[in-house]
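Any read-out appearing in this document is the output of simple, stated calculations on the displayed coordinates, not a laboratory observation. Just so it is clear, the structure is predicted and the values come from calculations on it, not from any experiment. Virtual Cβ from ideal backbone geometry, glycine too; neighbours counted across all protein chains shown.
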Amino acid sequence: WNKNDFLWSSDLNDKLKSVFKLEKLRPMQLQTMNVTLSGKDCMLIMPTGGGKSLCFQLPAVVSKGITLVVSPLISLMEDQLMALEALDVHATTLNASTTTAEAKSIFDAMTNPKATLKLLYVTPEKLAKSKRFMNKLEKMYQVGRFARLVIDEVHCCSQWGHDFRPDYKFLGIMKRQFPEVPILGLTATATVNVLEDVKKILNIPKCQLFRASFNRPNLYYQVRPKPATQIEALDEIQKIIQSRFNGQSGIVYCFSRKDSEEVTSGLQKRGIRSGCYHANLSSQERSRIHHMWSTGKVLVVVATIAFGMGIDKPNVRFVIHHSISKSMENLYQESGRAGRDEQRSECIVFYRLADIFRQSTMVFTEQTGLKCLYGILAYCLDSKRCRRSMIAQHFGESWDASQCDGMCDHCDLNSIYTSTTIDITNHCKNVLAILKQATETDQRVTALKLVDSWFGKGQASLKVKDIKVTTISKEKADIIIGYMLLNGYLKEDFHFTAYTTISYILPGPKANLLLNGNRQISFEFKVKALGA
Ligand code: ADP
């Protein structure tokens, strides 16, 4: 850093207090603001709830002219506009419902040096599709009133990200059209691939990157084994909610629409005020549920990942994953909706092996789909490490586990789980023997069938003579299969049928190392502590 990098600090700190009524800036905010004010392109990568909006709202107040904010959702803009209005900062949006008179006054402000308008919000569609608006921007640029281009959720430019939006691609022309206008991109997505791609698409190769830490100290992370039946799972979720979060708000994420409907009605029957949210509901119904939840009339939203962007309720006390997400990135984003007010909140994932295959048959056609899914499988199976350190590692951050302060099921001394280490070498060999038998008798097996025959159930033809029926618990058996997949002793093999995709299990590339060598494998299992 040199001195010039902080030229605007005192101005910014003044307005922070006088306009935004806040005490002090959070890490990364001041740097980002100074750099964008100095006219350079930059991108801020900051977790949800970290305070990205302030990084352009405050510079907008300090700058001459107008800051153009591209944002993907009208609801996101409206939330910000309401907040800005309360602070007396002049901001507006131009969209399909803008009246002619309003539009005229906006167009006037774009070129009139006396106008007080500071922030103008538009969707990327507006830029991509309205020639007239582009012409107005051209004029604003010529008279020197185009202060800055802010692109919120900037990862939407990239097809590699989890939320690609075609109209974002159009933003690539902005740098060519308005070379002097600094671009500030904001996102909570930290994947290197995505960020590199975004730089290319926006034509800002030299753009400076600012990364805020992804650690959310007030979130408690936990993974729990998922009970075998839906009823038991619902009972457990009910118990968690009623004993620890009675009367408080939360989200339960489900794998499918069907699941989310089942879980909603299950929770409702158990006396928990819940509402369902998924993409097949009408937009009115979705808004209604979102609103009832925001205002506390509904306490729990049971949703698919369609319930995503634009959730900025501060006091979400828990996010429960009824099924695992498809990647660490998704898990982080989804569970990150808890605790925006910085109060202690819990992020609980229910894990069971069968859910891995529900996901894998969906994601395996995506370029990095399986790799991402196995990333979360590793997170769920590992009971040897601090959850925070696994998350930090995923985001390329260094992390000292002692900083967790007991805020995950590994570091928490009061956790209801303890661990026990078992030699699983023979179990793994038995699993491979069953697969060998399957191949020899020309059969394909799913993980479910595989575990069944391991327990002496199912087809007689899969029974292997010298192998005793296993005596370990079903839970441990599942974990062993997961472990073998992660470590290349097993692999999935996908087959399409007319209606669905099936994941069959085959020996993995390292199977022979285990069968022929003298490898010993021990595994640390997480078990419920006695009396818990
Ligand atoms: P993001 O866009 O990164 O998800 P927001 O911009 O919505 O997060 O900010 C989340 C919350 O943090 C908002 O309520 C905002 O007012 C608050 N906030 C942002 N910066 C600060 C700060 N420096 N001090 C206190 N609160 C802040």
If you wrap the stretch 404-443's Cα atoms in a convex hull and average its projection over all directions, what's the area in nm²?
4.8 nm²
Quick one: dipole size for the stretch 415-532, taken about the Cα centre, charges +1 on Lys/Arg Cβ and -1 on Asp/Glu Cβ, in debye to the nearest 20.
180 debye
Among PHE164, PRO227, GLN177, whose Cα sits farthest toward the positive end of the charge dipole of the chain (+1 at Cβ of Lys/Arg, -1 at Cβ of Asp/Glu, about the Cα centre)?
GLN177
What does the net charge come to around LYS510 if you take all other residues with beta carbon closer than 14 Å to its beta carbon, with K and R at +1 and D and E at -1?
+3
Kirkwood-Stokes translational diffusion coefficient of the stretch 125-252, alpha-carbon pairs, 37 °C, 0.692 mPa s, µm²/s
178 µm²/s
Give the cross-link partners of LYS326 among the aspartates and glutamates, using a straight C-alpha distance below 13 Å as the criterion and excluding same-chain residues fewer than 8 apart.
GLU334, ASP355, GLU366
Answer with one residue from ASN430, GLY275, LEU117: the one whose Cα lies farthest towards the positive end of the charge dipole of the chain, charges on Cβ with Lys, Arg +1 and Asp, Glu -1.
LEU117
Between the stretch 237-257 and the stretch 135-175, what is the separation of their alpha carbon centroids in Å?
38 Å
Could you give log10 I(q)/I(0) at q = 0.10 Å⁻¹ for the stretch 252-375, computed by the Debye formula over C-alpha point scatterers of equal weight, without solvent?
-0.31
Once you have the alpha carbon radius of gyration of the stretch 153-227, what is it after dividing by 2.2 N^0.38 Å, with N set to its residue count?
1.41
Counting just the Cα atoms, what span does the stretch 96-163 cover along each of its three principal axes? Round to the nearest Å and put the largest first.
42, 26, 20
Throw me the Rg/Rh for the stretch 1-148, computed over C-alpha atoms with Kirkwood Rh, two decimals.
0.96
Where Rh denotes the Kirkwood radius from the mean inverse Cα pair distance, what is Rg over Rh for the stretch 327-412?
0.98
Amide H neighbours of SER249 under 5 Å, at least 5 residues apart or on other chains, H built in the peptide plane: list them.
ARG317
Can you give me the long-range amide H partners of ARG211? Hydrogens built in the peptide plane at 1.01 Å from N, cutoff under 5 Å, separation of 5 or more residues or another chain.
ILE45
Answer in debye to the nearest 20: the dipole magnitude of the chain about its Cα centre, from +1 Lys/Arg and -1 Asp/Glu charges placed on Cβ, is 300 debye
Taking the convex hull of Cα positions in the stretch 462-532, its mean projected area over all directions (nm²)
7.7 nm²
Which shape class, rounded, prolate or oblate, goes with the stretch 16-72 when its Cα gyration tensor gives a ≥ b ≥ c as root eigenvalues, a/c under 1.5 marks rounded, and past that a/b bigger than b/c marks prolate?
rounded
Rg and Dmax of the stretch 125-186, Cα atoms only, in Å:
12.2, 38
Summed side-chain charge close to GLU125 - residues other than GLU125 whose Cβ falls under 11 Å, Lys, Arg +1, Asp, Glu -1:
+2
Averaging over all projection directions, find the projected area of the Cα convex hull of the chain and quote it in nm² with one decimal place.
28.2 nm²
Can you pull the three principal axis extents for the Cα set of the stretch 360-499, in Å, largest first?
53, 37, 23
Positive end of the charge dipole of the stretch 1-78 (Lys, Arg +1 and Asp, Glu -1 on Cβ, about the Cα centre): tell me which of PHE20, LEU73, LEU44 has its Cα farthest that way.
PHE20
Whole angstrom only: what separates the Cα centroid of the stretch 419-473 from the Cα centroid of the stretch 211-229?
32 Å
